[in-house]
Each structure stands twice: as C-alpha cells, then as structure tokens.
Amino acid sequence: MSTEWTAREVPDQRGRVAVVTGANTGLGLETAKVLAERGAAVVLAVRDTGKGEQAAQRVGGDVSVQRLDLGSLASVHEAAAALRETHPRIDLLVNNAGVMHTPKRTTEDGFELQFGTNHLGHFALTGLLLESVLAVPGSRVVTVSSLGHRIRAAIRFEDLQWERSYSRVGAYGQSKLANLMFTYELQRRLARRGTTVAVAAHPGASNTELVRNSPAPLRAVSDRVAPFLTQSAAAGALPTLRAATDPAVLGGQYYGPGGRGEVRGNPRPVTSSPDSYDLAVQQRLWSVSEELTGVRFPL
C-alpha cells in the first residue's frame, strides 16, 4: 500500500451518499469537501443548522444539512428517521463529531458529555441507520478515534459516567477508546453479512477547534507547539478519507498519520492500544451501550 496517499487518490464518488457528523467545521468539513468534490451526495449532520448551511456553501456540490445533536437520544432518533426517509441507501457513514476535555457536564439523557456524545450518540445513530447502510454492497461505517485513546484511558464500567470523580482527560480517553472498541465489535458482527465494513481512523495532532475546552495550561502548551507539531485539518482528515474510500481498506483496520508517533504524515494502517483489542470488554461495552441507548442493531 502506498505511503504517500493524498486526497488526489480518493476515487470517483458519483452515485454515492455520505453522511458526515460534525461536518460544519474542522475534520468533518474537510472530509465533506473532498467527498463532494469527487461527486458524492453529502449530508452534513450537525447540531447547529445555521453553521451547517454556511458550511454547505463552502463545500458546494450535492450537499444537504441534517440537524443532529449527538448529546440527545431524541435528536438522534429524529435525525435517523429523517435520513432513512430521504436516503434509504447510505454508502458511507462517517462518525466524526466529538467533544474534547470538556468541564464536567452531562448530556440531555444524563450521560457524561464526552462518553455520551463521542460514543453513545454515534452508537445509537449507527444502529438506527444500519439498515440503510447494509442495503449498499461495499458500504462503510468509519468512526473517528484519537491518539487520546491511549491516555489515561479505560472503560470504567464501575463508574462509566464519572459520577464519583471526574477527569477531563480520562473521560475523553474513555470515549475515544470506546470508539475503537465499538468499531472492532461492529466489524465482527458485520463480517457475518459480508456487505458492509467498519473501519476506524484518527487525525494525529491536527489544528482544529477541538482543543477549545482543554484546561488552560494544556491550551497554552498547544498554542506554543502547534505550529511545529500539528498538521492542518485538511491533512488530519486524510486518514478518515482513506478509511472511507480506498478500495484496499479491510474491515476492522485503523488508519492514522504515518509519521513518527502518528502525529502527522500521510495516512496508513496503524495499531491501536492493547486495551482496545480486549474482546470481552468490547462485547461488554456493546451490551451496556445497547442498554443505555435502547438501540438494538439489526445484526
């Protein structure tokens, strides 16, 4: 596989439908731009439809906007119902949206904000849209994780919602680890059907708005080192785009930047943390996620 994969390698996407969450800014916007440029019909699934409409103008092409608040299961159900009606066949679902290092807060349904938004919201959305995705041979579900899945990260079944104590970094790490474990367990279940694959990606250290909620000392360090260590949002979107479109991609793979430490560089298959491959924890997380969201997958 080439180590110099760039956006130029994205194949023709005409006739394909792509749903990208959090596509009004950052990585999601850059992902949507390239997919639309290659001819895909792209749905920007965003919480703020005003910002979504502005983003749609920047993206151009066959683009529409769907309201989606991943921090509200009611909103996830409403968005999924609307998408199933307008797009009974979905070629590509990109679970990109996320929050990072937020102060202690909960979602509308009482979940810790980062776990509820980054993992549970996308878990529910994927389950509710899966029939539309399964209808297309060769379809993909791509979920965006982070290098943060390695940092103070564990699935804390004894306190999933961080009610006893709270760590912004730990809660973010748990949510990003959950993204990976969800992908691996989803792929195992999809393999029985043979039509759709689940793939994960991470952007390395990309210069986006995601750090806005980080503690002040961490933001200060980020501001100082960003020009030297980070890459642009467009470059950070490349692992997602490769996972979504490269014909050579296999289900269950994880894509990230190919440079030292996976911080930046051309996208390639990478390896996630040893914890992420724990089959028993993956299966337990899946069961707990079904219980918390009330969503059962048609697999």
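The values are calculated or read from the model by the stated rules, or taken from the named source; none is laboratory data. Bear in mind the structure is a predicted one, so any value in this text is a computation, not a measurement. No Cβ is skipped: glycine too gets one built from the backbone with ideal geometry, and neighbour counts run over all protein chains shown.
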Filter segment 35-53 for residues that are crowded, with 24+ Cβ neighbours inside 10 Å and under 23 Å from residue 257 (Cα atoms) and give the result.
-> 35
Condition broken by residue 162, with the remaining ones in (1) modelled with pLDDT of 95 or more; (2) under 19 Å from the mean Cα position of the chain (by Cα) satisfied | (2)
Give me the pairs: first residue in segment 167-192 and over 18 Å from residue 254 (Cβ atoms), second residue among the aromatic types (Phe, Trp, Tyr), beta-carbon distance under 6 Å, and six or more apart or on different chains, which are they?
-> 171/162
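Only residues that are part of a loop (DSSP other than H, G, I, E, B), in contact (Cβ under 8 Å) with a residue 60 or more places away in the chain and closer than 28 Å to residue 195 by Cβ: list them for segment 133-161, please. Can you show your working first?
Residues of segment 133-161 part of a loop (DSSP other than H, G, I, E, B): 135-138, 145-146, 151-156, 160-161.
Restricting the remaining residues to those that are in contact (Cβ under 8 Å) with a residue 60 or more places away in the chain gives 136, 145, 153-155, 160.
Passing the criteria: 136, 145.
Looking for whichever is crowded, with 24+ Cβ neighbours inside 10 Å, small (Gly, Ala, Ser) and at pLDDT 95 or above here; the options are 15, 28. Which one fits?
28
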Is it fair to say residue 244 is modelled with pLDDT of 95 or more, among the small types (Gly, Ala, Ser) and farther than 27 Å from residue 18 by Cα?
-> no
How many residues does segment 83-111 hold that are more than 17 Å from residue 22 (Cβ to Cβ) and hydrophobic (A, V, I, L, M, F, W, C)?
-> 1
